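The values are calculated or read from the model by the stated rules, or taken from the named source; none is laboratory data. Just so you know, these numbers come straight off a predicted model, no measurement behind them. Positions of Cβ are generated from backbone atoms using ideal geometry, with glycine treated the same way; all protein chains shown enter the neighbour counts. Calculation scope for accessible area: heavy atoms of the full protein, side chains included, ligands and nucleic acids excluded. Shrake-Rupley method; radii C 1.70, N 1.55, O 1.52, S 1.80 Å.
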Amino acid sequence: QVQLVESGGGLVQAGGSLRLSCVASGSIFSINDMGWYRQAPGKERELVATMTSGGSTNYADSVKGRFTISRDNAKNTVYLQMNSLKPEDTAVYYCNADIRVRYSYSYRLRWGQGTQVTVSS
C-alpha cells in the first residue's frame, strides 16, 4: 500500500511564507515525477509545480519566482517552499507522484489527501 501525506499547510498573512512537505511511503520501487497542484473553491484543480527525478522543474506562471519545488529522493519526499504569498494562493494543495510499486513493471499516478493553505490580507 502506497500513501502520500502532505503537511505544512495553515493560515498565513499576505507576504508570508509556508513550506509544504509530502512524503511517499509503502512498497515503493521508484518514483518519477512528483508535484503539487491546488484547487480553490469554485475553481478547477491546477498545476502549481512539478519536478522529475532528475531535477527538471515546471511552474505555473502564477507562482513562478515565488514558489520553489524540491525533492529528496532518498526520503521519497517533495517540498514546496512558498514565499510572498498572496490571497489568491488560498487553496487546498495536493501532492502527487508517479510511483512504481515494488514487483510491478508500471507507474501509477497517486494523490495525497491535500492540505489547506489560507492567505489572509
Next on the checklist: If you average the C-alpha positions of the stretch 105-121 and of the stretch 62-99 separately, how far apart do those two centres end up, in angstrom?
Outcome noted: 9
Next on the checklist: Residue by residue through the stretch 47-52, what is 3J(HN,Hα) from phi via Karplus (6.51 cos²θ - 1.76 cosθ + 1.60, θ = phi - 60°)? Round to whole Hz and write x for glycine and proline.
Outcome noted: 5, 9, 7, 9, 8, 7
Next on the checklist: Largest first, please: the extent of the C-alpha atoms of the stretch 43-101 along each principal axis, to the nearest Å.
Outcome noted: 36, 23, 17
Item to check | Those lysines that a straight Cα-Cα span of less than 24 Å connects to LYS86, excepting residues fewer than 8 apart in one chain | outcome: LYS43, LYS64
Next on the checklist: In Å², and per residue, what accessible area does the chain have when probed at 1.4 Å with the other protein chains present?
Outcome noted: 55
Checklist entry - Relative to the Cα centre, what is the charge dipole magnitude of the stretch 29-113, using +1 at the beta carbon of each Lys and Arg, -1 at the beta carbon of each Asp and Glu, and rounding to the nearest 20 debye? => result 240
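Under the Kirkwood approximation applied to all pairs of distinct alpha-carbon atoms, what is the hydrodynamic radius of the chain in Å? Could the numbers behind the result be given before it?
Working: mean 1/r = 0.0692 Å⁻¹.
One over the average 1/r among Cα pairs gives 14.5 Å for the chain.
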